[in-house]
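Remarks on the structure that follows.
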């Protein structure tokens, strides 16, 4: 795989997942969750440009085949997105402590994917995709 | 009230702008370069908020020729050329707007490398970029208070 392709993939993750996942979370001050903000957060997490954020993440950087999956920032973002994916019922119910926790996790996802994009700019792939012959 | 033109291939920027910026700007939206130009020619506009990647746009709506780009940059690889045009579409649209004489402040929500940012400013003047949907920072950039 071209290094430029890896950089492109990491940049796409930061743009298509990280930035949008945190779109609402970054703008909620003092826990004032209006219905508009809750709905927008739900779209950020579960209808992100037409798919769930976790789905978008795994489509752009699949665990089994993406060279990005070898980076710690990928794992951080993946685990946080798994958590966020499971929070859906409580978020839809408007449970404020969960909304707060989700917003914090969304910001961490954005940060991890920005760090991943930065790392991809300066380094080569760290491993071959799983299943690749030695 | 000041007017803001949002240019994107989806509705995420427009939704963000309507929720967080509408106290400061009247929001207009365009999803293609041709629509953005029509909007700008239709009345005064104070600032532009532009998405960078247009990966959901129809190929025929993109600025740039896929075939020519493939031959010029990618050894004939049409898929890579299409991805390239989609990935850089916001900048290509800005270039068209500047060429048509529209010099409004343009804000991207994207983390450009410093060298790229310098180049964008050299080519297109008032260009700003922010790494995230931070409404306070976006507002400062759009209003020139940064």
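Just so you know, all these numbers are worked out from the coordinates, no wet-lab data involved. Note that the structure is predicted; figures quoted are calculated from it, not measured. Please note: Cβ atoms are built from the backbone with ideal geometry, for glycine as well, and neighbour counts cover all protein chains shown.
Brief remarks follow.
- The long axis of helix B:89-99 is offset from the longest Cα principal axis of chain B by roughly 70 degrees.
- Antiparallel content of DSSP bridges confined to the protein assembly as shown, in %, to 5: 5
- Nearest 10 degrees, 0 to 90: helix A:96-122 Cα axis against chain A principal axis: 20
- Residue with peak Gaussian network fluctuation, chain A [Cα springs, cutoff 10 Å], from A:92, A:52, A:43: A:92
- In degrees, nearest ten, helix B:78-87 long axis to first principal axis of chain B (Cα): 10
- Per-residue shielding of A:19-27, expressed as the average number of other chain Cβ atoms within 10 Å of the residue Cβ, stands at 6.
- Where only DSSP H runs of four or more residues are counted, chain A gives -18500 deg cm²/dmol as its mean residue ellipticity at 222 nm, each run worth -39500 (n - 2.57).
- Gaussian network model of chain A, Cα within-10 Å springs - most flexible of A:50, A:111, A:18: A:50
- Centroid-to-centroid separation of segment A:41-85 and segment A:3-33 [C-alpha atoms, Å]: 11
- Distance between the C-alpha centres of segment A:87-106 and segment B:73-146: 33 Å, rounded to the whole angstrom.
- Most mobile of B:25, B:108, B:16 in a GNM of chain B (Cα contacts under 10 Å): B:16
- Extension gain from residue B:123 to residue B:99, taking 0.36 nm per residue of separation minus the Cα-Cα distance: 7.6 nm
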